[in-house]
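The values are calculated or read from the model by the stated rules, or taken from the named source; none is laboratory data. The shown structure was predicted, so the numbers you read here are calculated from the model rather than taken from an experiment. All Cβ positions, glycine included, derive from the backbone under ideal geometry; neighbour counts span all protein chains shown. Just the protein is used for accessible areas: all its heavy atoms, side chains included, with ligands, DNA and RNA removed. Shrake-Rupley method; radii C 1.70, N 1.55, O 1.52, S 1.80 Å.
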Amino acid sequence: EMESWSFLDTAESNFKPLVVIELAKGTKEETIEWFTKRIVDKKANGGAQLLMKPLVTENGVENIYLVGASHLRLLLGAEAVGLVKECSDNSMRTFTYSSRKTFKHYADDNHDFLTMAECQYIIKHELENLRAKDEKMIPGYPQAKLYPGKSIVRRLLTSGILVQIFPLHDREELKKLSHSWYGRVKIGYQPLDDIRCYFGETIALYFGFLEYFTFALIPMAVIGIPYYVFAWEDYDKYVMFATFNLLWSTVILEVWKRMCAILTYRWGTLLMKRQFEEPRPGFHGVLGINPVTGREEPMYSSIKRQLRIYLVSLPFVCLCLYFSLYVMMIYFDLEQWALDYHKENESNFSSLMLYVPSIIYAVVIEIMNLIYRYAAEFLTSWENHRLESSYQNHLILKVLVFNFLNCFASLFYIAFVMFDMKLLRQSLATLLITSQILNQFAESLLPYWLQKRYNRRMRKRMCSTKTDMDLSLAEQVNMEKEMGTYLGTFDDYLELFLQFGYVSLFSCVYPLAAVFAVLNNITEIYSDALKMCRVYKRPFAEPTANIGVWQLAFETMSVISVVTNCILIGMSPEVDALFPDSKMDLVLTVALVEHLLLAIKFIMAFVIPDKPRDIQMKLAKLEFESLEALKQQVRAFQMQLHFLLIHH
């Protein structure tokens, strides 16, 4: 291994810049010198062995540095992060430098073997893994303490010396991608493979899921339209519709797992071994030895964490839920007031007033969600989770519970406490449409407009009327460093999750919900694509093999919706009339039907395999091959031992 490292040329001056590092204005010279040395130093001396140069602009050198790496360095990095690439025999294998010749499209002079996003991911990994050795503090900043094994980049970020690290856009590629993605108006699939090459797997999977989910809702929408048009009042017709919806939602979630496996096998992330996860950069504690890996890293007692979760976070979440219910009761008082007002005045204005409480409530819900979101993030990082995955899961759980209650509590109250189906239909429609319009506006239109205004000002400052393509590197970096940072797919999935709730929880009351969801998703695909390509800095690619905890969230939602739909249909007057004598029979029948439906759902989930047959075979074959390889290594080792023993 070391001999391939030693002849790496570190003094290439014309390298392709991949990642931008922005340091704070007025950072001390010795700090910059030390940080640069750590980045370009040989691997053997604890450096990252990358290439780095300052960005030179008209007004001298600013504190912006470009980072790249030689072709060979990137190949060795690809092996270190465990990238999976396609071989010449069409199988997918973990890339190693020694077996590089067996991979498809590999040639020593082919610099496109790794996609730009993969190269940037490798550089990010190398930078994050720069750890302190014997430095007690960051040179020049005695208050910024270091200890052996602390991530240097994380410490620089928290002490405000490092402003940001971000990957550069590739203008040519971006233009091609945005044209094929949303540039022409046509009905067709999104170029998922191109999106994945440019933005990485996590974002491509989100768009894959969004597209799949939109197509999957179409049958529900098509069946829903006649129900709405003929305004059927008798609910026994809705029984068919609701049953179809419940079983359909199970099918789409199970089939998505297969789709997901097909995509991520092709992209190589299905096979990627998550190395023993490094502690997340924000994790802090007293240094100790990790019993699993033997590495030195911060330790923090899990009992402390459990206490923080159960004695602080949990009561806080409960308090917020209580507050949310309190706001809901105020909304119902307003509703009542509007009704009375309308009864007295019967004018056009008073009939408009009927909608005002719902709209105000919808806006208040959005604002409460936003504030709670900040609190949840603060609490979750204060809980000090060791792994990024457990941090994410705790955060998602907190936010989901609150958003679920906030968005659906009023509907549950109308349905199961007030028994007012007409009001339920009206509230559902108002909530669904208001939240969709608000989201579209806040997510894409507003940032896009601000961005455009900012770019105009920026261009005026540069006194140039050049197009995006002719920007010099310095101008491109300066423009991109001011763009907003994309914070991950969390909000996008959350929106889809709540939408799925509106469609499935009360599907037998408002059949048009699916139609609005489909229309919203079509514009959502366009606005999200626009937002990724034009509004935000390019995010680092994140390899992932599935949509994570969201799969579970959607499945839970579809189980809850079985219960709500069964109760709604059970409460309808037509079904009531079937059981004139005893209400007990009615309750038992509803419970029985609900259990039957749940049983069918679970059977279907069990019968539809998570991975297609051919992919299962390929995975099994790979496992067999790695076992064989292991046996051969052991044999070779035994031969060597034998040889040594004879000679002694």
ask   = Label 7 Å along Cα→Cβ of Phe419; the range 556-579 residues with amide nitrogen under 19 Å?
value = 564-579
request  = Loop sites only, by DSSP: take the GluC sites (Glu not before Pro) in the chain that have at most 13 other C-beta atoms within 10 Å and name the longest stretch containing none of them.
outcome  = 59-232
remark   = Of Asp112, Asp491, ordered by accessible area with the largest first and a 1.4 Å probe, the sequence is Asp112, Asp491
key: For Met639, solvent-accessible area (1.4 Å; no DNA, RNA or ligand), Å²   = 140
request  = Work out how much length Leu334 to Leu314 would gain on full extension: take 0.36 nm times their residue separation and subtract the Cα-Cα distance, in nm to one decimal.
outcome  = 4.1 nm
inquiry  = From the mean inverse distance of alpha carbon pairs (Kirkwood) and the Cα radius of gyration, derive Rg over Rh for the range 589-637.
reply    = 1.48
remark   = Set Lys53/Lys452; Lys481/Lys531; Lys101/Lys176; Lys42/Lys133; Lys150/Lys537; Lys150/Lys304, cut-off 25 Å on Cα-Cα distance; pairs above it are Lys53/Lys452; Lys101/Lys176; Lys150/Lys537
message = Using the Karplus curve 6.51 cos²θ - 1.76 cosθ + 1.60 with θ = phi - 60°, what ³J(HN,Hα) values do you get for each residue of the range 606-617, in whole Hz, with x for Gly and Pro?
response = 6, 6, 7, x, 5, 10, x, 3, 5, 6, 4, 4
key: Computed lengthening from Tyr526 to Cys87, 0.36 nm per intervening residue step minus Cα-Cα distance   = 154.6 nm
task = Could you tell me what percent of the accessible area of the chain is made up of carbon and sulfur, with a 1.4 Å probe and every protein chain present?
result = 65
inquiry  = In the chain, once you exclude exposed trypsin sites (Lys or Arg not before Pro) (DSSP loop, at most 15 other Cβ within 10 angstrom), what's the longest stretch remaining?
reply    = 467-648
task = Let me know the Kirkwood hydrodynamic radius for the range 19-168, please, with Cα pairs as the basis and the value in Å to one decimal.
result = 16.7
request  = Largest first and to the nearest Å, give the Cα extent of the range 523-648 along each principal axis.
outcome  = 97, 47, 25
The range 27-67 versus the range 71-115: alpha-carbon centroid distance in Å = 28
Thr485, Thr36, ranked by accessible area, largest first (probe 1.4 Å) = Thr485, Thr36
note = accessible surface per residue for the chain, probe 1.4 Å, DNA/RNA/ligands not counted, whole Å² -> 51
key: Between helix 236-267 and the chain: long-axis angle, C-alpha atoms, 0 to 90°, nearest 10   = 0
note = Between the modelled labels at Leu630 and Ala144 (7 Å from Cα along Cα→Cβ) the distance in nm is 4.3
request  = Starting from the eigenvalues of the Cα gyration tensor, five times each then square-rooted, give me the equivalent ellipsoid semi-axes of the range 351-446, largest first, whole Å.
outcome  = 31, 17, 10
remark   = Going through Lys175/Lys460; Lys124/Lys257; Lys422/Lys601 one by one, the pairs whose alpha carbons sit over 26 Å apart turn out to be Lys124/Lys257; Lys422/Lys601
remark   = In units of 2.2 N^0.38 Å, the Cα radius of gyration of the chain is 1.12
inquiry  = Going by amide H atoms built from the backbone, whose H comes under 5 Å of the H on Leu18, apart from near neighbours?
reply    = Val67, Gly68
